[in-house]
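Engineer: Got a structure here, written out as structure tokens. Questions coming.
The values are calculated or read from the model by the stated rules, or taken from the named source; none is laboratory data. Predicted model, so just to flag it, every value in this text is computed and none were measured. Heads up, the Cβs are rebuilt from the backbone with ideal geometry, glycines too, and the neighbour counts pull from every protein chain shown. Just so you know, the surface numbers come from the protein's heavy atoms only, side chains and all, with ligands and any DNA or RNA stripped out. Shrake-Rupley method; radii C 1.70, N 1.55, O 1.52, S 1.80 Å.
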Amino acid sequence: MATSVDRIPSKPSRPAHDGTGPAPPRRVPLPILLACLCAALPLSLVCGAALGASGLSWAQVTRYLWSGLTGGAIGPDEVPAYTIVWELRLPRAVLAAVVGAGLSAIGVAVQAMVRNALADPFVLGISSGAAVGANAVLIFGALGALGIWALSTAAFLSALLAMLLVYAVARTERGLTPLRLVLTGTAMYYGFSAVTTFMVFAAERGEAARSAMMWLLGSLSGANWAAVPIAAGAVLAGLAHLGWSARRLNALALGDETAAALGVDAGRLRKELFLVSAAVTGAVVAVSGAIGFVGLMVPHAARMLVGADHRRLLAVAPLAGAVLLIWVDILSRVVLAPAELPVGVLTAVIGVPCFILLMRRRAYSFGAI
């Protein structure tokens, strides 16, 4: 027997346009869009491995990638170039895809959870909490015994502590309400940001402060193959849970009373989404720093293309976010080569005008399926 959630309409009838206002946005057929994104993702990964300050030809890059995938031999004089492609650029491109997919998917979930069009993965205060742990490593050398794992470990642990603090403050007898989550997360964001700012000013070494600022603005410069499985595992687990909860997300986006009428426990679902969002955000922030705007812009752009049904959104948004962040990272490496821009700066520079353009060019209403 079908449950109440199963009866939530995924494609309700849309009234005909009467010509008195802006025309409703045209939806892109989902199979075509998914096919384009699935083709763009591997192509973007190859470009991420090929483009950079070092002048390597496409033939060289292709051969090194093939050698890395098949275990083929390379000459001793080619080891430096091979290392650039296989050990530096490719894991960075893969990690950019993982981070972009994670931020975009969690952006969809958080916007449904708090029913706020301005929400993104960082509205919960988790990213600023992670920044406290990361700065403790970069500036004061905390957890030095962990070596290359010190930064990601400290960032993730402080993100979890921030999650527990936000949960403890926001929780009431009625559970987690959207307004209290947003207000608590915003307050914690400013509190943790003040702590990280103080730590930067207290740094005795200028290079440590610069590294801390680079991390706070988002950077994939420290990417390596060891960081990929952890972040990818967290993102894939989060995507699996969100995909399984897509119908319930549709109900939650309609309001708590409507969700209850459809058989969805809004309080329990919001608690699940909070835990998943915090865990995935903490995992990706730990390896990439605080890259903003991806989790805000990509869900809205996907919603304009395929509608607000979360089954379609959660198929499109992660792929779009992955492709977007790969290319933003490429730009961060080549715009001022050999210097490197923080990725978060470029996501804002690119994202703000694109977001405004999307808002102005199409009739758009948050949550309209």
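Engineer: Going by accessible area, probe 1.4 Å, with all protein chains left in place, what is the ranking of Ile126, Ile84, largest first?
Structural biologist: Highest to lowest solvent-accessible surface, that is Ile84, Ile126.
Engineer: Right, something else. For the chain, build the charge dipole from Cβ charges (+1 Lys, Arg; -1 Asp, Glu) around the Cα centre, then report which of Ile139, Leu275, Thr196 sits farthest towards its positive end.
Structural biologist: It is Leu275.
Engineer: Order Ile326, Ile148, Ile230, most accessible first, counting only protein heavy atoms with a 1.4 angstrom probe.
Structural biologist: Ranking Ile326, Ile148, Ile230 by accessible area, largest first, yields Ile148, Ile230, Ile326.
Engineer: Now for a separate question. If you take the Cα atoms of the stretch 290-364, find Rg, then find the Kirkwood Rh from the mean of 1/r over all pairs, what is Rg/Rh?
Structural biologist: 1.03
Engineer: Let me ask something else. Could you pull the accessible area for Trp225 with a 1.4 Å probe, rounded to 10 Å²?
Structural biologist: Rounded to the nearest 10, that gives 90 Å².
Engineer: Also, I was wondering about something else. Which angle between 0 and 90 degrees, to the nearest 10, do you get for helix 343-361 versus the longest principal axis of the chain when only C-alpha atoms count?
Structural biologist: Approximately 30 degrees, to the nearest 10.
Engineer: Would you please give the FRET efficiency between Ala194 and Leu357, computed as 1/(1 + (r/R0)^6) with r the Cβ-Cβ distance and R0 = 41 Å, to the nearest 0.05?
Structural biologist: 0.75
Engineer: Can you give the accessible area of Arg171 in Å² (nearest 10), computed on protein heavy atoms with a 1.4 Å probe?
Structural biologist: Roll a 1.4 Å probe over it and Arg171 shows about 120 Å².
Engineer: Let me ask another. Largest first, please: the extent of the C-alpha atoms of the stretch 229-310 along each principal axis, to the nearest Å.
Structural biologist: 41, 28, 18
Engineer: Let me ask something else. Compare the Cα positions of Val94, Pro80, Val123 along the charge dipole of the chain (+1 at Cβ of Lys, Arg; -1 at Cβ of Asp, Glu; about the Cα centre) and return the one farthest towards the positive end.
Structural biologist: So the residue we want is Val123.
Engineer: Excluding Gln60 itself, what net charge comes from residues whose Cβ is under 13 Å from its Cβ, given Lys and Arg +1 and Asp and Glu -1?
Structural biologist: Spelling it out: positives minus negatives among the neighbours equals 0.
Engineer: Helix 30-50: angle to the longest alpha-carbon principal axis of the chain, degrees 0 to 90, nearest 10?
Structural biologist: 20 degrees
Engineer: Next question, about the same structure. Please list Phe140, Phe355, Phe156 from largest to smallest accessible area, probe radius 1.4 Å, with all protein chains kept in place.
Structural biologist: Phe140, Phe156, Phe355
Engineer: Please state the charge dipole magnitude for the chain, taken about the Cα centre, from unit charges on C-beta atoms (+1 on K and R, -1 on D and E), reported in debye and rounded to the nearest 20.
Structural biologist: 1060 debye
Engineer: Assuming a ≥ b ≥ c are the square roots of the Cα gyration tensor eigenvalues, decide whether the stretch 146-241 counts as rounded (a/c under 1.5), prolate (otherwise, with a/b larger than b/c) or oblate.
Structural biologist: Oblate shape, in that a/c is at least 1.5 and b/c is the bigger or equal ratio.
Engineer: Continuing with the same structure: At 0.36 nm per residue, and after removing the present C-alpha to C-alpha distance, how many nm does the segment from Cys36 to Thr83 gain when stretched out fully?
Structural biologist: Extra length available between Cys36 and Thr83 comes to 13.9 nm.
Engineer: Select from Ala290, Trp244, Val345 the residue farthest towards the positive end of the dipole of the stretch 237-369; place +1 on Cβ of Lys and Arg, -1 on Cβ of Asp and Glu, and compute about the Cα centre.
Structural biologist: Going by the charge dipole, the pick is Trp244.
Engineer: Hey, any idea what the orientation-averaged projected area of the convex hull of the chain's Cα atoms comes to, in nm²?
Structural biologist: 21.6 nm²
Engineer: In addition: Apply the Karplus curve 6.51 cos²θ - 1.76 cosθ + 1.60, θ = phi - 60°, to the phi angles in the stretch 180-191 and return the couplings in whole Hz, x for Gly and Pro.
Structural biologist: 5, 4, 5, 5, 5, x, 5, 4, 5, 4, 5, x
Engineer: Kindly give Rg over Rh for the stretch 222-369, based on alpha-carbon atoms, with the Kirkwood expression for the hydrodynamic radius.
Structural biologist: That ratio equals 1.01.
Engineer: Taking the Cβ of Gln111 as the center, what net charge do the other residues with Cβ under 11 Å away carry, scoring Lys and Arg +1 and Asp and Glu -1?
Structural biologist: Cβ neighbours under 11 Å give a net charge of +1.
Engineer: Something else about it: What's the angle, to the nearest 10 degrees (0 to 90), between helix 266-288's Cα axis and the longest principal axis of the chain?
Structural biologist: Compared with the principal axis, the helix lies near 20 degrees.
Engineer: Here's a follow-up. Could you compute how much accessible surface Thr197 exposes when probed at 1.4 Å, giving the result in Å² to the nearest 10?
Structural biologist: Its heavy atoms expose roughly 70 Å² to the probe.
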